[in-house]
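> Here you go, one structure.
Readers should treat all values here as calculations from the given coordinates under stated rules, not as data from a laboratory. Keep in mind it's a predicted model, so treat the numbers as computed, not measured. Please note: Cβ atoms are built from the backbone with ideal geometry, for glycine as well, and neighbour counts cover all protein chains shown.
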Amino acid sequence: MRAAVITRLNAPWEFQDLPDPAPGPAQVVVRIHACGMCFSDVLVHRGHWPVQLPIVPGHEPVGEVVALGPGVTTLRVGDRVGVAWMQRGEGRCVHCQSWHPTACAHTQTWMDLGGGYSDLMLAWESGCTLLPDGLDYADAAVAFCAGFTSMSGLRNADPKPGERVCVLGVGGLGHMAVQLAAANGLETVVLTTSPDKAEYARELGASEGIVVTDDPGQALTDAGGADVILATTTSADLVARVVSGLRYGGRLVTMGVTGPLRIEDMTTLLFKQCSIKGSTHNNRADLVEVLDLMAAGKVTPRVERYPFGEINEVLKRVEAGQVRYRAVLQHD
Ligand SMILES: [Zn+2]
Ligand SMILES: [Zn+2]
């Protein structure tokens, strides 16, 4: 099989011919049709993520099951599936025992088995989620990290009917977050540093797109504030400074910042009794909800499609923030 391999950090990924994987017990082999690229892939490329090289990245993969290992009971050859980042827990901790393996401290991921930038991918049966009939592969791929992360962020914010949501940052995650919040009947506004993205916000379902210049909190306050802020940007500075835009009892959920987050405005948190929460993939029900909304035509990813062979050019586009709004590598 042909695979894109990270052999050195901050260097182009190498195409290599690797042996076809053979599924062990409870594993399957998926023939990859499409795999989206996430900013996390850039972080892996730069060495911000603790992975052992060489490694095949790619954690938004979808395709067709082509081989079953011993003991696989829920999947069949020919099933259309995607594979989420966290595929199974070690099974015996309190989270696994409570049917919440994504919280397990010893989850198996693409880092253990290899990712989706490959013709074939090995996956745990438990890590595969069936795709709704008719859903396009490239669109479906976006559900598996960007969609899943955004939906879990929304669910973790526990929005009430009538509350107002602000999405801060409109990239792969943010453009899904806007649509998911709007599809849930919530009034949604967008804060972004890119004028073109602010203009596009209404097409995603937002009531307003606001360009942030220097003070995102003031800009949000001027626009009426928000009960929930879904911060999908990687900028810790923007996230820290948007806090003052929260309404009383507001919740800020941050999904994109991986470095230090220094909150200066503690008075907002204290006197408006606001909270800040980190969030990533939560219960798999969130992923299924995204796939169902996509199949119903209520949420549609905006996808740039590229042949698998152009992966290094795509990596540069993602790194430079040029993608509108998710780049997906296609194998067919
Ligand atoms: Zn991702
Ligand atoms: Zn566990």
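> Under 27 Å between alpha carbons, and skipping anything fewer than 8 positions from residue 160 in its own chain: which lysines qualify?
Partners found: 197, 272, 277, 298.
> Restricting to Cα pairs below 8 Å that are 6+ residues apart, what does the relative contact order work out to for the range 147-278? Please round to a whole percent. Let's see the in-between values first.
Details: 295 pairs, mean separation 30.0, N = 132.
About 23 percent, as a whole number.
> By its C-alpha gyration tensor, with a ≥ b ≥ c as the square roots of the eigenvalues, how is the range 274-315 shaped: rounded for a/c under 1.5, else prolate for a/b larger than b/c, else oblate?
Values: a/c = 2.59, a/b = 1.47, b/c = 1.76.
Because a/c hits 1.5 or more and a/b fails to exceed b/c, the range 274-315 counts as oblate.
> While we're here: Full extension from residue 261 to residue 14: what is 0.36 nm times the residue separation minus their Cα-Cα distance, to one decimal in nm?
Between residue 261 and residue 14, full extension yields 85.5 nm more.
> Got the relative contact order for the range 2-47 handy, in percent, Cα pairs under 8 Å and 6 or more residues apart? Could the numbers behind the result be given before it?
Working: 33 pairs, mean separation 17.4, N = 46.
Averaging sequence separation for qualifying contacts and normalising by length gives 38 percent for the range 2-47.
> Taking 0.36 nm per intervening residue step and subtracting the Cα-Cα distance, what contour gain separates residue 211 from residue 300 on full extension? Working shown, then result.
Numbers: separation 89, 0.36 × 89 = 32.04 nm, distance 2.32 nm.
Working it through step by step, the gained length comes to 29.7 nm.
> I would also like to ask the following. What's the Cα-based Rg to Rh of the chain, Rh via Kirkwood?
On the way: Rg = 19.6 Å, Rh = 20.2 Å.
My calculation of the ratio gives 0.97.
> Just check the range 1-155 against the gyration tensor rule for me: Cα atoms, a ≥ b ≥ c as the square roots of the eigenvalues, rounded for a/c under 1.5, and otherwise prolate or oblate depending on whether a/b exceeds b/c.
Details: a/c = 1.31, a/b = 1.14, b/c = 1.14.
It comes out rounded by the Cα gyration axes.
> Something else now. Less than 14 Å Cβ to Cβ from residue 48, Lys/Arg counted +1 and Asp/Glu -1: what total charge do the surrounding residues give?
Details: positive: 46; negative: 41, 319.
In short, -1.
> Shifting gears a bit: Just grab the label-to-label distance for residue 73 and residue 160, each label 7 Å out from Cα along the Cβ direction, in nm (one decimal).
4.4
> Here's something else I'd like to know. Taking the highest mean first, how do the peptides 295-305, 100-110 order by number of other beta carbon atoms within 10 angstrom per residue? All intermediate terms of the calculation are to be shown ahead of the outcome.
Details: 295-305: 16.5, 100-110: 18.4.
Per-residue mean Cβ counts within 10 Å order the peptides as 100-110, 295-305.
> Want the number for residue 316 to residue 26: 0.36 nm per residue separation, take away the alpha-carbon distance, what's left? Before the final figure, lay out the partial values.
Details: separation 290, 0.36 × 290 = 104.40 nm, distance 3.63 nm.
Answer, rounded to one decimal: 100.8 nm.
> Further question on the same structure: Give the aspartates and glutamates reachable from residue 316 as a straight Cα distance under 12 Å; neighbours fewer than 8 places away on the same chain don't count.
Once the sequence-local aspartates and glutamates are set aside, what remains near residue 316 is 41.
> Which of the three applies to the range 163-291, rounded, prolate or oblate, going by the alpha-carbon gyration tensor with a ≥ b ≥ c and a/c under 1.5 meaning rounded? Numbers along the way, then the final one.
Numbers: a/c = 1.44, a/b = 1.19, b/c = 1.21.
Note, shape of the range 163-291 comes out rounded.
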